[in-house]
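Worksheet: the structure to be examined is printed underneath.
The values are calculated or read from the model by the stated rules, or taken from the named source; none is laboratory data. What you see is a predicted model, and the numbers here were worked out from it, not measured in a lab. Because the Cβ atoms are built from the backbone with ideal geometry, glycine has one as well, and the counts that use them run over all protein chains shown.
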């Protein structure tokens, strides 16, 4: 009969970065699907007024659910992949200059040529996970500085 590993053997020290499996997907939170139910309720009421004229509104909740499912940012070994509504953009690590957080706006990846690409489903609180997935290429502002 084998003995279970002790706490020191089971987990690496706290100061070592935890290994992260790639690719890492950043998606819209699942609570957003509640919006689909609300839109469905409104569309049923609206379509009930005049089905021949407003029946097309019953498609809107399904479009909204597809959009919530579709948009995401994927971190791979090669770089970032921004999956938008109708397009996908691959950003190699060599082209990434940094991230931009505009007030009340979405997170943008700033490229070395000065252009920016919107990163769907990324928020400021995702930075620790994003930093770990990028192997430190994107710094973690929450990380504490080492004491001298």
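Per the listing 129, 103, 137, 70, the residue uniquely farther than 19 Å from residue 21 by Cα and in contact with a strand residue (DSSP E or B) (Cβ under 8 Å, 6 or more places away or on another chain) is 70.
Please enumerate the residues belonging to the stretch 53-80 that are surrounded by 15 or more Cβ atoms within 10 Å (Cβ to Cβ) and free of Cβ contacts under 8 Å to residues at least 12 places away in the same chain. If the condition is that a residue be surrounded by 15 or more Cβ atoms within 10 Å (Cβ to Cβ) and free of Cβ contacts under 8 Å to residues at least 12 places away in the same chain, then no residue fits. Within the stretch 66-78, being farther than 16 Å from residue 126 by Cα and at pLDDT 95 or above holds for 66, 67, 68, 69, 70.
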